[in-house]
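K.L.:
Following this message is one structure expressed as structure tokens.
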Amino acid sequence: MKIFGLEIKRSIQEKTAKRNYHAATTGNLFGSWLASNNTADTDIKRDLKTIRARSRELMRNDDYAKRFKRMVKSNTVGNNGIRLQNRVKDSNGSYDKTANDIIEDAFKRWSKKGICDVTGRYSLKEIQKMIMGTLAEDGEVLVRKVKGYRNEFKFAIQLLEADHLDENYNEPDRNIHMGIEYDSWNRPVAYHLFKTHPGNLTNIDRTRERVPANEINHLFLSNRISATRGIPWMHTAMTRMKMVNGYEEAELTASRISAAKGGFYVSKDGAEEY
């Protein structure tokens, strides 16, 4: 009976082992599968700057990456841009056409080039396309709302690249994490932004400005609950794309060298006759 009991125990252990998750399997076959249970921001902070720089390089020089960015802009914003369609109602519940027309007309005028953007260079449709393209390329973008701006509407927006928000700026005593200041509920209170782009080599200024959170729209797609910063959308494909670039370059170079090779036929005694 003792042996029988041992056999039953062993059978139960084997069945229990079969119920384990295959994804947790260890051994030589999965020795290179490195993983951690860090927060999303812990992983992002370490690699964000490198991933963002490499994504930008691919967008500049890779045909597929450039096409991806163009498709993101055209398939989300379109040719006409995202427009306002107002829905103000009267007290009786019907739409107030006069009020809606006035509001939509004012929004259309504000959306024109030279009015809605603080630089005066872009229309709202162009800004929308730049936002979507930057999200795909950098993973995040900052839109600052500027009240009291010098236009007839006293309001404009400013686009800021993610470089203005330093992922290495942390002050635990003030609850500042990766450049963002939070309250006790982890709600953004303020953004500590570089006044000038840190990559501007002609005007190196590393001073920061504390901007209240209600003036900033921090746009990004969060992959995890603990993520407070965005990463480039191509990050899972970037290494393969770079390898394909190198492979195509090597193939083309080898083919060109092979096509440029020449040969000559000569007689054994060196005679010049054909």
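K.L.:
(1) more than 30 Å from Lys69 (Cβ to Cβ); (2) at pLDDT below 95: which one isn't true of Arg206, the others all being true?
P.N.:
Only one criterion in (1) more than 30 Å from Lys69 (Cβ to Cβ); (2) at pLDDT below 95 is unmet by Arg206, namely (1).
K.L.:
Is it the case, given these coordinates, that Ile231 is over 30 Å from Gly179 (Cβ atoms) and outside any strand (DSSP E or B)?
P.N.:
So Ile231 does not fit the description; no.
K.L.:
Next question, about the same structure. Considering only the range 130-180, state which residues are in a strand (DSSP E or B), more than 30 Å from Lys66 (Cα to Cα) and open to solvent by less than 30 Å² (accessible area, probe 1.4 Å). Please lay out each step first, then the result.
P.N.:
Taking the range 130-180 and keeping what is in a strand (DSSP E or B), we get 140-147, 155-160, 165, 171, 176-177, 180.
Then keep just the ones that are more than 30 Å from Lys66 (Cα to Cα); that gives 146-147, 155, 171, 176-177, 180.
Passing the criteria: Ile176, Ile180.
K.L.:
Go through (1) assigned to a loop (DSSP other than H, G, I, E, B); (2) among the charged types (D, E, K, R); (3) open to solvent by less than 70 Å² (accessible area, probe 1.4 Å) and name the single condition Arg87 misses.
P.N.:
Just one mismatch for Arg87, condition (3).
K.L.:
Here is a follow-up. When you check Leu34 against the structure, is it under 29 Å from Met178 (Cβ atoms) and either open to solvent by 70 Å² or more (accessible area, probe 1.4 Å) or under 13 Å from the mean Cα position of the chain (by Cα) (or both), yes or no?
P.N.:
yes
K.L.:
Regarding Gly199, is this residue among the small types (Gly, Ala, Ser) and open to solvent by 10 Å² or more (accessible area, probe 1.4 Å)?
P.N.:
yes
The values are calculated or read from the model by the stated rules, or taken from the named source; none is laboratory data. Just so it is clear, the structure is predicted and the values come from calculations on it, not from any experiment. A quick note on method: Cβ atoms are made from the backbone with ideal geometry, for glycine too, and the neighbour counts reach across all protein chains shown. All accessible areas refer to the heavy atoms of the entire protein, side chains included, with ligands and DNA or RNA removed. Shrake-Rupley method; radii C 1.70, N 1.55, O 1.52, S 1.80 Å.
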